[in-house]
Structures are given as structure tokens and as C-alpha cells.
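The values are calculated or read from the model by the stated rules, or taken from the named source; none is laboratory data. If you're wondering where the values come from, they're calculated on a predicted model, not measured in any experiment. Note: ideal-geometry Cβ built from the backbone for every residue, glycine included; neighbour counts use all protein chains shown. Accessible surface areas use protein heavy atoms only, side chains included; no ligands, DNA or RNA. Shrake-Rupley method; radii C 1.70, N 1.55, O 1.52, S 1.80 Å.
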Amino acid sequence: MKTCRGFCVAFAVFSLMIASAATHSAQEAAQKPIKVEVNVTTKLIQVAVTDRKGNPILDLTPADFEVRDAGKVVKIDYLEKHNYGGGTQDVSVSVPDARPVARKFFFVFDFAYMNANGLKKAKEAALNFVDTALQPGDEVGLVTCSAQRSLSIVEYLTTDHKKVRDLIDAFGLRKLTGRAENLMDYYIVQMNMDLAENADRTKDATIAADPFFEQLVKSRVSLTSDQKSGAVTQVINFTAALKNLARTLRQIPGNKNILYFSNGVPRNILYGRKVQNVAIQETFGDADSMAAYLRQNEDNMDEPAARDAYTEMLEEFEAANCPVFSFNTAPTYSEASVAVDDETAYTMRDAKGDDSLRQFSSTTGGKYYHNTMNLQDAVTDMKNVTGAYYILGYTTNDTADGEYHKIKVKVNRRGVSVQSQPGYYNPKPFKELSEFEKLLQILDVVLAEDPQSAVVDTFDFVPVPVRGDGINLFSGYAALPAESLGPYLSKKTEAVIYLTNAAGNSVAMKRFYLGDLPSGREGLFLHLAFPIKEPGLYNGRLILRNMETGRTALGQTRFEIGQVSGPWTDPLLLLEEGRNLYGTSPTPELSLGAFYNYDPQKYFPRTGAVPLGTAKIQAAVRCGNTGDKDDVKFTAWVQHTGSDPRTELAATVLEQVMMGPTRVARLEIALGDLPAGEYSLYVTAGIPGGPTTPPAVSSLIIR
């Protein structure tokens, strides 16, 4: 049984494979079924304790705390102590070798309520925080809101602070695209195509997420009835997007600190506009004048729909344990001069968003920073507020019912102040998630270093990078036995493949569907391939998600596309006959059978050990720069893993063809009397007396 840290969190383990080493472990890796994580749920809550002067108290032990979950006292079996004072990081944990929960920050730039000067101030404050407050290991996300494009997640939680800094620094100057924004745009396009093709799946409209912004929405000092109606719709739309973001963040343990940069929603939209008193004896020239005046007063009333939507959003952030630190980026208005009439003064005050920002911060337990010419003092204050706290952990039964659990924390010491999250939500059943929540969940699984929005099981995803005719190709497969596929395959199982380069930038993405496994098949063989432009190191993630239950499995891999200079080989592929696998691919035109010149209906890559006593096996090899004559000699040998002596093996060419400059051969390799064990199998190709290729390598397990 594996204990998961966080809210039903199962952490996937990277399978580090590069170049030939990637294929070296392919035989052993691919035979494994999906690894199902059995979870003992540990709830993690964040608590700050200060003395009467506001200084943090950092000498407490689990025995000093009393925690009640839904009114019941729970046993604290885990404690983390975090202190980031003085610009240094001091973290301790009560369990040996446990990895502490990282601090989490989301920068939210609200372009819908911000002008150009506000953007400048927001950038300066955010960059100052990145440069002076973030510590190694802090996880950072970047979100933008705009009037027409709603919410865009530019970068999901990452420890690559430089990437986030570059994205923020580019706002308003040049277009940089974050990983999450790239994937979000692509995914939504795919989703909309699916909705158009399948009318029965159109439950909820997807929320648009185009590139983060093209223009800023300028502040207005007055609103006509039509403008007010449009502004109300804008408030409702952007609060709906943020509300869905907060709901998704519920499942991430600890506080998610939100740095919210905005002018704020104008007061007259949420709370109505103050109007002058009108004397009773005031007369109107005619009925139309009186009706016009009454309509004006009606326009000055508050808008319940906008106010209610805004209030619901605040409650979601509070329940998700997301303290919001609001940075008011609006211009500083001076008091109205004697030359300014009363109506203009009222209008200027009512167009400001101070009240909405104060409410956002006070409701969520954050802090409001008023508009100043320099927000660096506010950044310094926030560093202190988020710099010292405890993480308490306790075991509890977890039910996917979406219910809210209230938490109460006491400290058995006099004269202290305790600030903790008010509670947490149990996970919701997948069928109750909105389309937006499902989207953010897939972003988390695809992008996060530790996916936390869903229980994620793991499987092996085997890379077979190959060289095409003048291009490089990523090729990879997963061979999954039928007995482990049940929870993941349905009438529509979603599959997402995502490739990034060594810098973490998106290279390729594809979303497709898998159907039920045909009856009588022993398993699924899933293969896919994509062109890769440049040589280098790459990472890949393949996600399978049951769209009825939300059950998710993740395969991860790392591979290398090498530079071509002189003779070369692609990974060695061991083949076997007699498998009753169901083969499928979203890229059938780029199949392994076509690359390695074998019949995919007859052969599959070997996914298990070779039985002891097997006389011969088959292998396919691709090589280049060996000439176009048939006098190429293939040499094979094995070595015990980690040992130097090698055993020569006889290799017979069963078939070979030239695919342009690439030679592809299917070999029969005699194993002789090799004893049981784990070996590395090597094959080279070369012209007698001429150059020889580097070895193509595969693992060979004999049992």
C-alpha cells in the first residue's frame, strides 16, 4: 500500500531513458501492466502561528496542535516547518526522507480591468517578487484574464522561475507562449471539434482560452445602459472562469497564494452608483423628462447578477484555500477639486475598483495593497506574510462525494494567534466536473511535475526514436495487458500525447480517443509517432483518461534524437509472433511496421522475457550511411548487465531492404545455450574493411 501525500495524490515516477538506453529497457518495461496506486489519503493543512507582536512561532511540535476535522479530533502524524525569513529557506519535516510540500504561487494578471500604466506597475511588482521572494522549489503558475478571451493559463505550476519571469517580462512587448497556454489552446480547439461532431456531448460550453491578450480594456468613468449591460456580462464571464479555476485548485494541498493584479471591478457594477438627492419640489417640464430621470436612477442601482457571481467566486477561492493578495494597479485619484462638479466626483469614485479588491482579499484571508506609485513595499510585506508556517498532516478516509469539511486548529500555548485554512473539499465524482474543470485537470496531469488534481496510475511508455527520409521522428508505444485496462477503457477513452524539448517548450501535442478493447484480445498495443525538427533531448507524456469515471493513467519517457554524422543505427527492436494484441495508432501512416519493415499483423515488439531454452529470436535494425550494397555484415553479441566480457551470437539476415538511404534488416539471432539472466543485446552493421555503425541496443531477459 502506498501512502499518497496530498488530496488523493499519486505521484508518477519518471522513467529516464535516452538514446540507446531508452530501448535498452524496452523489453523489460513494456511487459509491465498499469501500476495502480492504492491510496491512504493524508490531508495536509497549512497553519501560521504568531505571537502578540505578529512574530512567527516556529518551535511547535505535533503535540502542541489540536486539529478537528468535521468536529472530530484527528491524530497529527506529519509536520513540516517552513521559515523563509531573511531571504533564506529553512524547512524541516517530522518524517525522515519525506519531501516537503512546496510553496505555491499563482500570478493572476487581470487585463479586463487594467490599463497600460497599471500593466507597467503590475509587471514591476511581479518581477520584483520573482527576483527577491521566490525560493528554489517554490512552484509558480501564471494566469491572465481578458474581456474577450476570458481565462488563459499561461504557465501551470512549475519550478522554472526563469520561464515565468520571461513570460511576465514579455507582457505588452512581445509574444511569448507558455506551455499551459499552448496546450490549453490546442486542447480547446480539439474539444470544440468533438462537440461539433458529437452533439450528445455538448453539456457545457467550453470557456475560450485564446492567447493571453491583444489589447487592454481601458477604464471608463461612466456607463450608459448598454455599456452597463455589457460590463455586467463581462463580470459574470470572468468570475465564472476564475470560479472554475478555484474549484480545480481545491485538490492541491496547502495554501495556493494568489497575487492578483487588477484595477478591480468598478464599484457601480457591483454595488450601484451614488446619486444626488433630488428635492421633492423639483418639477419636470414634461412626462418624458421625468421618465428619463427615473431611468437614470434605475441605471444607478446595483446589479444583483454581477454581485452574486462575484460573491460566489470569492467563496470558491476561500474554500479552495487560496488567499488572494490584491495589488491595486489603478491610477491614484486625488480628491476632487473645487472645479470638479459633484456629478463628476461621484462618477470617478464609482468607477474605481477598490471595494471589490478589498472584498476579494478579506474574504479569502489574503491582504489588499492600495494603489501606489511603487508596489515594491507591498511585495516586501507579502514576503513576510507567506514566509513562516506549518504543514500538518493526518490520515483520513476519503470519499469522492465533493463534500466540504470544516477544519478547526488550536495551539496549546497562551498568547498566540492561529491562522489556518477553514477546511477542504473531498474530490467530486468525475461526471460532476464542469468541462473547464476537466480541462484544468488534464493540464495538471500533462504539465505538473507532481500531478495533484487526480489519482494518477502509471504505465511504461517506450520510446523508439527513428530517422526518416531527411527528418527525425519520435516513435513510442505502450503494450498494456487486458486485465489492467478495465478501469481506463470505455466507449470513449481520451488519450493525450505531449512532447517537450529540454527547455520545456512544447514540440508536439495530439488528442484522440480509444474505444473498448475488442473481446478475445490479450491486450492493447498503442503506437504513435511525430516528426521532430531538431536533434536533442526530449520528454514525452501519454495520458489515458476514462471520460466516464475520470480514472487516469500516465506514461512518461525521455529520449534523444542524435546528430547524424557517419554511420548510424536506430534502436534495436526485438520481435515476437503469436501475440493476440489489438494494435491501434492515431498516426497509422507512421507505424513501427513501416519503419522496421515487418508485418504488424504478424509481429509485435517483444514485451516479455524470452523463455529459457529458446534457440532463436528475431530482431529488426535500421541503419544508415552503410552504402547500398548487400555485402553489409551484421554482428551480434550480448553482455551481462554491468559486466565487460561479451558473448558472440550468430546473426542471419532474413530480409533487408533499402528505404532511400536507410537500410532496414530483419535478423534471426541464435541464442545458443545462454543461461537465464538479464543481458544487453548489441548489433552493429558494416562493410568488411570499412566503417562500422554504432551498436543498436536492446535489453534481453531470459527466464
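Below is a table of values for the structure above.
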{"read-out": "Enumeration of residues in the stretch 468-504 that are among the β-branched types (Val, Ile, Thr) and assigned to a strand (DSSP E or B)", "value": "THR493, VAL496, ILE497, THR500"}
{"read-out": "Lone qualifier among ASP457, ASP444, ASP450 - being open to solvent by less than 60 Å² (accessible area, probe 1.4 Å) and part of a helix (DSSP H, G or I)", "value": "ASP444"}
{"read-out": "Criterion violated by ILE617 - all others in (1) closer than 30 Å to LYS510 by Cβ; (2) surrounded by 15 or more Cβ atoms within 10 Å (Cβ to Cβ) satisfied", "value": "(1)"}
{"read-out": "Single residue of the stretch 70-84 satisfying the filter (open to solvent by less than 50 Å² (accessible area, probe 1.4 Å) and in contact with a helix residue (DSSP H, G or I) (Cβ under 9 Å, 6 or more places away or on another chain)) that is nearest to THR386 (Cα to Cα)", "value": "TYR84"}
{"read-out": "Those residues of the stretch 678-692 which are open to solvent by less than 30 Å² (accessible area, probe 1.4 Å) and modelled with pLDDT of 90 or more, in sequence order", "value": "TYR679, SER680, LEU681, VAL683, THR684, ALA685"}
{"read-out": "Matching strands (runs of 3 or more DSSP E) fully within the stretch 645-687 where at least 3 residues are at negative phi and of a type in the set (D, E, K, R)", "value": "662-670"}
{"read-out": "Enumeration of residues in the stretch 156-179 that are at pLDDT 90 or above and among the charged types (D, E, K, R)", "value": "ASP160, LYS162, LYS163, ARG165, ASP166, ASP169"}
{"read-out": "Selection status of LEU127, in a helix (DSSP H, G or I) and at pLDDT 90 or above", "value": "yes"}
